[in-house]
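Asker: Right, I'll just put the structure down here and ask away after.
Each value in this text was obtained by applying a stated rule to the coordinates, not by laboratory testing. Keep in mind the model is a prediction, meaning the values are calculated, not measured. Cβ placement follows ideal geometry from the backbone for every residue including glycine, while neighbour counts extend to all protein chains displayed.
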Amino acid sequence: MKCPMIDVTADKRHFLMSGCIFVHTDSYIVTTILGSCVSVCIWDSVTKIGGINHYMLPFWNGEGLASPKYGSIAILKMVEKMLVLGSAKKDLQAKIFGGGEVLTVTNALMNIGERNIILARDILMKENIPIVNADVGGKTGRKIIYDTYTGDVFVKKLHRQIDDIKI
């Protein structure tokens, strides 16, 4: 995958914590760290509005707060915010990152990363938002740096599994 040029001299930077959404009309450099979590970056090629989320689990179970820590909430809330700021759904395109299997999993149902990836693809398909790039799955985490104005994303693979770290 060709690495885009990210303007790291931009004054506006944001570190996106897990369970959060960031959408802005200004140019921001947004960084986040992903393991089994997934980030969907959505960019509007006309208005240059960019959004990113960082969700931990695929589905909200309906109890408690409808938090963006769940992909089923985070993706739709991000799209909603972009539309309120002036984006048109027909101009949106998505990139998906993360969903690594960073812990040893013995039960396929416990592979949260894979379930997070499937959810992102399903929601984006239902919303008719094309996925133009993805770097998902595998056995490592990722650091991503997203330029909300250009839609460019730089990905750095983190080559140690949590299981490999000796305490």
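Asker: Would you order 87, 39, 27 from fewest to most other beta-carbon atoms within 10 Å of each residue's own beta-carbon?
Answerer: 27, 87, 39
Asker: Using the number of other C-beta atoms within 10 angstrom as an exposure proxy, rank 152, 91, 147 with the fewest first.
Answerer: Working: 152 19, 91 15, 147 22.
Exposure proxy ranking, most exposed first: 91, 152, 147.
Asker: Let me ask you something else. I need 60, 43 ordered by Cβ neighbour count within 10 Å, fewest first. Walk me through the numbers on the way to the answer.
Answerer: Details: 60 18, 43 26.
Ranking 60, 43 by Cβ neighbours within 10 Å, fewest first, gives 60, 43.
Asker: For the range 33-93, what does the alpha-carbon gyration tensor say about shape, rounded, prolate or oblate, given a ≥ b ≥ c as the root eigenvalues, a/c under 1.5 as rounded, and a/b over b/c as prolate?
Answerer: Cα axes put the range 33-93 in the oblate bin.
Asker: Using alpha-carbon pairs under 8 Å, 6+ residues apart, how would you state the relative contact order of the range 13-159 in percent?
Answerer: Computed over the range 13-159, the figure is 30 percent.
Asker: Count neighbours as other Cβ atoms within 10 Å of each site's Cβ, and list the GluC sites (Glu not before Pro) in the range 60-144 that are DSSP loop with at most 10 such neighbours.
Answerer: Loop-located and lightly packed - 63.
Asker: Pairs 12/157; 90/139; 48/139; 89/157; 81/139; 12/81: which exceed 28 Å Cα-Cα? Don't skip to the answer; put the middle values down first.
Answerer: Details: 12/157 24 Å; 90/139 34 Å; 48/139 33 Å; 89/157 31 Å; 81/139 32 Å; 12/81 19 Å.
Cα-Cα > 28 Å for 90/139; 48/139; 89/157; 81/139; rest within.
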